[in-house]
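Each reported figure results from applying straightforward, stated rules to the coordinates on display, with no laboratory input. Values in this document were obtained by computation on a predicted structure and should not be read as measured data. For neighbour counting, all protein chains shown are included, and Cβ atoms are generated from backbone atoms with ideal geometry for every residue, glycine included.
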Amino acid sequence: MSGISALGSGLAGIQTGLKRLREDAHDIATANIKERPHDAGGPTDTPPAGHDLTDLARPLVGLIEDRTQVAVSAQVIKTADEVLGTLIDIKA
C-alpha cells in the first residue's frame, strides 16, 4: 500500500467513524425510554412494556466502536505520513 492510498484510507475511516458517531449519538438522544410511574407497582427504573433498554445498548456500544475506528484511522494517517517522510528523506 502506498503512502498516498494509506492517507486516503485513513481519511475515509475517520469520516466513516464520525458519521456513525453522529448517527449513534442521535439514536441515544432521541430514544423514547420512560420510567414507570411510582404507583405502577414495579421498580421505577424499569421501562414500560414496548420500550426496551437494549434499544440504547446498540448505539452506546456503537459509540465505542466509532471512537476506536477514528483512533485507528488517525494512526494509519500518522504512519503513512511517517513513511512518506522517510521516503522523501531517502530520495533527497
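Multiply the residue gap between residue 82 and residue 63 by 0.36 nm, knock off their C-alpha separation, and tell me the result in nm, one decimal place. Before the final figure, lay out each step's value.
Numbers: separation 19, 0.36 × 19 = 6.84 nm, distance 2.87 nm.
Stretched out fully, the residue 82 to residue 63 stretch lengthens by 4.0 nm.
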Hey, rough spin-label estimate for residue 19 and residue 5, points 7 angstrom out along Cα→Cβ, what's it come to in nanometres?
2.1 nm
Under the 7 Å Cα-to-Cβ spin-label approximation, residue 30 and residue 72 lie apart by a distance in nanometres of 2.8 nm
